[in-house]
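As structure tokens, the structure follows; a few thoughts come after it.
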Amino acid sequence: MTIAEILTKRSSIRAFTNKEIPAKKLEAMLTLAQKAVSNCNVQPWQTLIVSGNTREKLKSAFMKTLMSGQQPNPDFDWTPKYQNEHRERQFGSANALYGALGIERTDKQARMQSMARNWAFFDAPHVAFFCMQKYLGIMGAVDLGVYAQSLSMIMREAGIDNCMQGALGQFPDPVREILELPDELGILFGMSFGYADPAAAVNQARTTRVDLTEAVSFFD
Ligand SMILES: Cc1cc2nc3c(=O)[nH]c(=O)nc-3n(C[C@H](O)[C@H](O)[C@H](O)COP(=O)(O)O)c2cc1C
């Protein structure tokens, strides 16, 4: 698979089979992702891969947290209030998702239930939490984005799908407690991954991208 094929054919996947990825394959992909570039080569990512019983425990803890009505308290303040064309694109991505699921714009309960699937990892057998030391802020966030995209593409090449999830950084407490994270380590975002369920309606969601003229300027 070429990079062009990966980028053209990929989409975020939000329904998975329960087939697990063999540990050796997982390790090989993560080893390759270590090649990602970073500012001054500081490689600030600390990646937590959660599977098996610990995944079950964490999912239950997230569900309890959601049911309690707790408000998000992310380690990093990046919950965006998008404006103008960004807001329009945000609506576009929500419409693609809810359209694929047949959820009406006015059906708030169905939307919330669909949102809650984030913390059940969309039934994926594995989930990654992308963490870094809290003091790094935006310096580290850039590097973690580059790293996560590298890992995502490596996975796609190996036939493994994923969905990056800002949602997984919204309630850090259960993760901190169950994985015994030190205070100085913050969770930026996460990614559920595994083998896509091809029959799931949610996986038919497709988003668009703006034309080059809206994104790139050339100066001669
Ligand atoms: C940093 C980041 C955070 C994201 N957070 C979520 C999330 O919490 N839940 C979700 O369902 N999708 C999430 N996504 C997926 C985006 O919605 C998706 O990439 C975008 O709409 C483009 O669609 P595509 O990936 O299918 O091309 C996230 C993507 C990125 C890069």
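The values are calculated or read from the model by the stated rules, or taken from the named source; none is laboratory data. All figures in this text were calculated on a predicted structure; none of them were measured in a lab. For neighbour counting, all protein chains shown are included, and Cβ atoms are generated from backbone atoms with ideal geometry for every residue, glycine included.
Being away from the ligand (no atom under 16 Å from the Cβ) and not in a loop (DSSP other than H, G, I, E, B) is true of Lys25. Apart from one condition, Leu58 fits all of (1) touching a residue at least 60 places away in the same chain (Cβ under 8 Å); (2) closer than 21 Å to Asp183 by Cα; (3) surrounded by fewer than 14 Cβ atoms within 10 Å (Cβ to Cβ); the exception is (3). Could you tell me which of the residues Ile178, Ile187 is touching a Cys at 6+ places or on another chain (Cβ under 6 Å), of a type in the set (A, V, I, L, M, F, W, C) and within 25 Å of Lys64 (Cα to Cα)? Answer to the selection: Ile187. Tally up the residues in the range 94-118 that are touching a residue at least 12 places away in the same chain (Cβ under 8 Å) and either within 25 Å of Val175 (Cβ to Cβ) or surrounded by fewer than 11 Cβ atoms within 10 Å (Cβ to Cβ) (or both), please. Total meeting the criteria: 8. Answer with yes or no whether Phe121 is within 12 Å of the ligand (Cβ to nearest atom), among the hydrophobic types (A, V, I, L, M, F, W, C) and closer than 16 Å to Gly186 by Cα. Judged against the criteria, Phe121 is not a match.
Phe16 meets the conditions (1) closer than 18 Å to Phe121 by Cα; (2) away from the ligand (no atom under 16 Å from the Cβ) in every case but one. The failed one is (2).
Here is the figure for the range 199-220: residues that are within 15 Å of the ligand (Cβ to nearest atom) and not basic (Lys, Arg) total 10.
In the range 36-55, the count of residues that are within 16 Å of the chain's Cα centre (by Cα) and in a helix (DSSP H, G or I) is one or more. Residues in the range 83-132 that are touching a Gly at 6+ places or on another chain (Cβ under 7 Å) and not aromatic (Phe, Trp, Tyr): Ala124, Pro125, His126, Val127, Ala128, Cys131, Met132. I'd like the full set of residues that are within 18 Å of Leu26 (Cα to Cα), away from the ligand (no atom under 12 Å from the Cβ) and buried (at least 20 other Cβ atoms within 10 Å of the Cβ), limited to the range 152-190. Across the range 152-190, the qualifying residues are Met155, Ile160.
Of the candidates Asn73, Asn53, Asn84, the single residue that is within 27 Å of Met155 (Cβ to Cβ) and surrounded by fewer than 11 Cβ atoms within 10 Å (Cβ to Cβ) is Asn53. Only residues that are surrounded by fewer than 22 Cβ atoms within 10 Å (Cβ to Cβ) and under 15 Å from the mean Cα position of the chain (by Cα) were counted in the range 127-141, giving 1.
Residue pairs whose Cβ atoms lie under 8 Å apart, separated by 6 or more positions or on different chains, with the first residue in the range 138-162 and farther than 16 Å from Val127 by Cα and the second in a strand (DSSP E or B), are Gly140/Met132; Gly140/Gln133; Gly140/Leu188; Ala141/Met132; Ala141/Leu188; Asp143/Met132.
Going through (1) surrounded by 17 or more Cβ atoms within 10 Å (Cβ to Cβ); (2) at pLDDT below 95 one by one, Thr79 falls short only on (1). Considering only residues of the range 179-220 that are over 20 Å from Tyr135 (Cα atoms) and assigned to a strand (DSSP E or B), which is nearest to the chain's Cα centre (by Cα)? The selected residue is Met191. Residues in the range 28-42 that are in contact (Cβ under 8 Å) with a residue 12 or more places away in the chain and β-branched (Val, Ile, Thr): Val37, Val42.
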